[in-house]
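I have placed the structure first, in the form of structure tokens, so that the comments after it can refer back to it.
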Amino acid sequence: MSLLPEIEHTFNPPDPRPSPLFSVVFTGAIAFVFLVFLIFLYKLNMNSALFAKVRLSSSMLFFVSFIQGMLLLILGLYINFWVWGNLISLVQQLLVLILPFLLIIQRYFSEHSEIRAKS
């Protein structure tokens, strides 16, 4: 019985990762947009005391439920991006979701301002 020759393994080089600067800029951009959103809500007097005064009609309940569902879908897309990391599919899916989301948000704020003007 003779010794078998030693097996030599060739490993693939690791996939190139984006620069850490890209991740920091992306996270900063998301944080900045969220901060601007909170500032606009403050300037519009959209606080919890105002929501307690307003009785939700069926259309307002639909808008609130739809907005929360869309936010959960977008959060799911971001989680999908961070786990599997496919930026092109993320952008394509976000483009499909963003138009109905913006239209519903605009309609919600216009109805909310009408209700607020009545009270």
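If you take the residues in the stretch 1-20 that are under 16 Å from W82 (Cα atoms) and either among the charged types (D, E, K, R) or assigned to a helix (DSSP H, G or I) (or both), which one is nearest to the chain's Cα centre (by Cα)?
P20
Tally up the residues in the stretch 67-87 that are open to solvent by less than 40 Å² (accessible area, probe 1.4 Å) and in contact with a helix residue (DSSP H, G or I) (Cβ under 9 Å, 6 or more places away or on another chain), please.
5
Of (1) β-branched (V, I, T); (2) open to solvent by 90 Å² or more (accessible area, probe 1.4 Å); (3) at pLDDT below 80, V64 satisfies all except one. Which?
If we test V64 against (1) β-branched (V, I, T); (2) open to solvent by 90 Å² or more (accessible area, probe 1.4 Å); (3) at pLDDT below 80, just (2) comes out false.
Consider L90 carefully, then state whether it is exposed (fewer than 14 other Cβ atoms within 10 Å of the Cβ) and either closer than 18 Å to L41 by Cα or of a type outside the set (S, T, Y) (or both).
Spelling it out, it is not the case that L90 is exposed (fewer than 14 other Cβ atoms within 10 Å of the Cβ) and either closer than 18 Å to L41 by Cα or of a type outside the set (S, T, Y) (or both).
The values are calculated or read from the model by the stated rules, or taken from the named source; none is laboratory data. These figures come from a predicted structure and were not determined experimentally. We place every Cβ from the backbone using ideal geometry, glycine too, and count neighbours over all the protein chains shown. Surface accessibility is based on the protein's heavy atoms, side chains included, excluding ligands, DNA and RNA. Shrake-Rupley method; radii C 1.70, N 1.55, O 1.52, S 1.80 Å.
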